[in-house]
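Accompanying notes for the structure given below.
Bear in mind these aren't lab numbers, they're just calculated from the coordinates by the rules spelled out. Keep in mind that this is a model prediction, so the values were computed, not measured. Quick reminder, even Gly has a Cβ in these numbers, built from the backbone with ideal geometry, and neighbours come from all protein chains shown.
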Amino acid sequence: MSFLRKFIGSRDVDEGSGVAGDTSSVRKIVRQLEALDPSRARFLAAFAYILSRVANADLNISKEETRKMEEVLQEQGIIPEDQAILVVQIAESQNQLFGGTENFLVTREFSKVATSDERNELLDCLFKVSAADDSISAAE
């Protein structure tokens, strides 16, 4: 298996490479959500990571943006508050640590595993997060 394929994962199960949406950032969040169905946990992990991506676009994640991400995950993800807080904290950390590398990968994989309606819901949620602190920067 090539280094690139191992790093970014693959939609095909190939030499134990995993499943769609499988990047290191997503895997870390998924491990924290083991009580959920693995495909649902992977979806939520990618969803949260992308939310944190827009929140961190201006290189600052405000408390309001963090709280809005938690609210959105509870509303859209149908997960309890404690899991939403955990998912958002991990997503924010992963985004700040690996955002330059993982942003495109996670977003591309989310696009592959999400339905058109789910992608539209994410877009609505991204606007909610970016406007959470009563302003939307050019980067956001």
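How much length is gained on full extension from Leu59 to Leu97, taking 0.36 nm per residue of separation minus their Cα-Cα distance?
Numbers: separation 38, 0.36 × 38 = 13.68 nm, distance 1.17 nm.
Difference between extended and current length: 12.5 nm.
First select every other residue whose beta carbon is under 11 angstrom from the beta carbon of Val87; then total the charges, Lys and Arg +1, Asp and Glu -1. List each step's numbers first, then the result.
Details: positive: Lys28; negative: Glu70, Glu81, Asp82, Glu92.
Charge balance near Val87 sits at -3.
What are the ³J(HN,Hα) couplings of region 98-107, residue after residue, when phi is run through the Karplus curve with 6.51, -1.76, 1.60 and θ = phi - 60°? Round to Hz, x for glycine and proline.
10, x, x, 8, 8, 3, 5, 4, 5, 5
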